[in-house]
Amino acid sequence: MKKLSFKLGIVFFLIIFGLETFMFFFLHNALVNSRIEEELSSLQARGNSHRDILAKHFDVNTISHVALMESEAITDVVITDNFGTILGSSFKNNQIQSYLKKPHSRINADGQIVEKDWKKKPYIITISPIGTTNETIGYVYMFQKTASIQSLIERLNQHFSLAGLIALLLTFIVIIILTKALTKPLVKMKEATYQISKGKFSVTLPKTGNDELGELAKSIKLLAQDLNYLKKERNDFLASISHELRTPLTYIKGYSDIVMTRNLTSKDQEKYLQIIVEEANRLSSLIEDLFALAKIDKNTFVIQKQKVLLNDLLKKMELKLSPAFKEKNMSLVVHCPERTYLYADPSRLEQIIINLLDNSIKYSSIGSETLITVTPRKKTTDIIIKDNGKGIPEKDLPNIFNRFYRVEKSRKRSLGGTGLGLAIVQELVYAQGGSINVHSKLNNGTTFTLTFHTNGAEK
Ligand code: ADP
């Protein structure tokens, strides 16, 4: 069986069962041994007390008196002389002779155990010598039937078996409850992930507190939310792409039809062809932007960060872009301290700045000025691109980095933006570990602040 609860249960059970068995065995042994020890020492103490009396009066009277006393007790006594001849006994018959074994070594004055095998032998036996240390005149043998000890141990065993059985049952129940409690949230989470894989993102998960399981549940929920968001974003994105592609294609198709089917003056023909070329350009720049984004998304594009001499890079860009600004009667001014370095990919940095300057041109009017200012700090450097164009309304500011977001939805084709420029800029900045911020005031101008690390070690 593959079930986790079953596996866990078996492991728990084997461990607890092993521990319980060991403890029961240990306790049982200790109890039995101490019980036997008690029986033996009380038997010996009894023998010693008879011995003490007999040591004082070793005569027929006292011997028969002791024997008579023991015949009423659960123990028995046999008194012998120094050679092993029985002088008195509490047993009814004399078959006891075979049990009277004297130890080979010298017998301790305080007596000694002769037989303690309570499992196999009919008696446990002790011996106490009568007399002084130098001269022994006889022996007191004490007997106790092992049957009574065996039945005592038998009863103890029964209690132990019952306790063992109850413990086993309780262990079983506890393990079932415990494994169920442990695996239930896991099973629920497994089901939830299965639902997520099937596209059902609104999953409910058990509350398991702040432990690892709780963390896992939270992560799964977060994953479901993220996947839901990504799915929605992908759908929106696809819808936007198809819309964006359809518009120029409609123009191209419409104007091509007109040019082909109608008898137009060469002036009109040129006008329509111009529109077709514009739309075709728009389409190709849209596809180019989409490719750029797709590359960043897939993380397949390489960022080669290096120490960039910023004033050098900006000077070259100024030279390259100034004609575009001049063409629209605008100006580009660069303020960058000499020997300003930062850690970035120069070609990506150029792409970022071109996109931002391109917007400055698009969204400013004749005579406006765009200013690039560089502010080096201790660990980072800011590149600030400020224009005095038309600005961005406050409500649109949080969205301008979104893909296909345009402030003027129904913008004239001459402005021709794809709504992907700033999305690309943001991705490129993030990919280099930098950050981008925007401030804008309607009819006043827009300022983008790019921040990059000054040196590689601190990235
Ligand atoms: P687009 O291709 O439309 O320019 P962008 O992603 O580059 O798309 O910009 C998103 C929107 O942000 C634009 O539609 C424009 O309205 C606004 N925007 C971006 N830069 C500027 C700017 N420098 N001045 C005014 N508006 C701007």
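The figures follow:
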{"read-out": "Any hit, the stretch 195-207, residues being part of a helix (DSSP H, G or I), at pLDDT 85 or above, of a type outside the set (K, R) and open to solvent by less than 80 Å² (accessible area, probe 1.4 Å)", "value": "yes"}
{"read-out": "Boolean, I86 is open to solvent by 30 Å² or more (accessible area, probe 1.4 Å) and out of contact with any Leu (no Cβ under 8 Å at 6 or more places or on another chain)", "value": "no"}
{"read-out": "Any hit, the stretch 294-308, residues being open to solvent by 80 Å² or more (accessible area, probe 1.4 Å), hydroxyl-bearing (S, T, Y) and away from the ligand (no atom under 16 Å from the Cβ)", "value": "yes"}
{"read-out": "Condition check for L273: surrounded by 16 or more Cβ atoms within 10 Å (Cβ to Cβ), assigned to a helix (DSSP H, G or I) and of a type in the set (A, V, I, L, M)", "value": "no"}
{"read-out": "Any hit, the stretch 274-283, residues being in contact with a Pro (Cβ under 7 Å, 6 or more places away or on another chain), free of Cβ contacts under 8 Å to residues at least 60 places away in the same chain and within 27 Å of L332 (Cα to Cα)", "value": "no"}
{"read-out": "Within the stretch 288-316, considering residues that are in contact with a Leu (Cβ under 8 Å, 6 or more places away or on another chain) and without any contact (Cβ under 8 Å) to a residue 60 or more places away in the chain, the one farthest from L249 (Cα to Cα)", "value": "V308"}
{"read-out": "Among (1) under 29 Å from H243 (Cα atoms); (2) modelled with pLDDT of 90 or more; (3) among the aliphatic types (A, V, I, L, M) - the single one L415 does not satisfy", "value": "(2)"}
{"read-out": "Subset of the stretch 89-117 [more than 18 Å from G138 (Cβ to Cβ), open to solvent by 30 Å² or more (accessible area, probe 1.4 Å) and either not aliphatic (A, V, I, L, M) or not assigned by TED's automatic domain parsing to the domain that holds G47 (or both)]", "value": "K92, N93, Q95, S98, H104, S105, K116, D117"}
{"read-out": "Neighbours by Cβ (under 7 Å, 6+ apart or cross-chain): first from the stretch 445-458, within 16 Å of the ligand (Cβ to nearest atom) and modelled with pLDDT of 85 or more; second of a type in the set (A, V, I, L, M) and not in a strand (DSSP E or B)", "value": "T446/I392; F448/L356; L450/I352; L450/V429"}
{"read-out": "The stretch 148-175 - residue that is open to solvent by less than 60 Å² (accessible area, probe 1.4 Å) and among the small types (G, A, S) and, of those, modelled with the lowest pLDDT", "value": "S148"}
{"read-out": "Long-range neighbours under 6 Å by Cβ, at least six apart or interchain, first residue outside the structural domain of H57 (by TED's automatic domain parsing) within the stretch 70-88, second surrounded by 13 or more Cβ atoms within 10 Å (Cβ to Cβ) and assigned to a strand (DSSP E or B)", "value": "none"}
{"read-out": "Lone qualifier among E338, E327, E318 - being on the phi < 0 side of the Ramachandran plot, among the charged types (D, E, K, R) and in contact with a strand residue (DSSP E or B) (Cβ under 6 Å, 6 or more places away or on another chain)", "value": "E318"}
{"read-out": "First in the stretch 346-363 and farther than 21 Å from F452 by Cα, second anywhere and basic (K, R), Cβ under 8 Å, 6 or more apart", "value": "I361/K328; Y363/K390"}
{"read-out": "Any chance D76 is charged (D, E, K, R), closer than 17 Å to I127 by Cβ and in contact with an Asp or Glu (Cβ under 7 Å, 6 or more places away or on another chain)", "value": "yes"}
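The values are calculated or read from the model by the stated rules, or taken from the named source; none is laboratory data. Values in this document were obtained by computation on a predicted structure and should not be read as measured data. All Cβ positions, glycine included, derive from the backbone under ideal geometry; neighbour counts span all protein chains shown. Ligands, DNA and RNA are stripped out before the accessible areas are found, and what is left, the full protein with its side chains, is counted by its heavy atoms. Shrake-Rupley method; radii C 1.70, N 1.55, O 1.52, S 1.80 Å.
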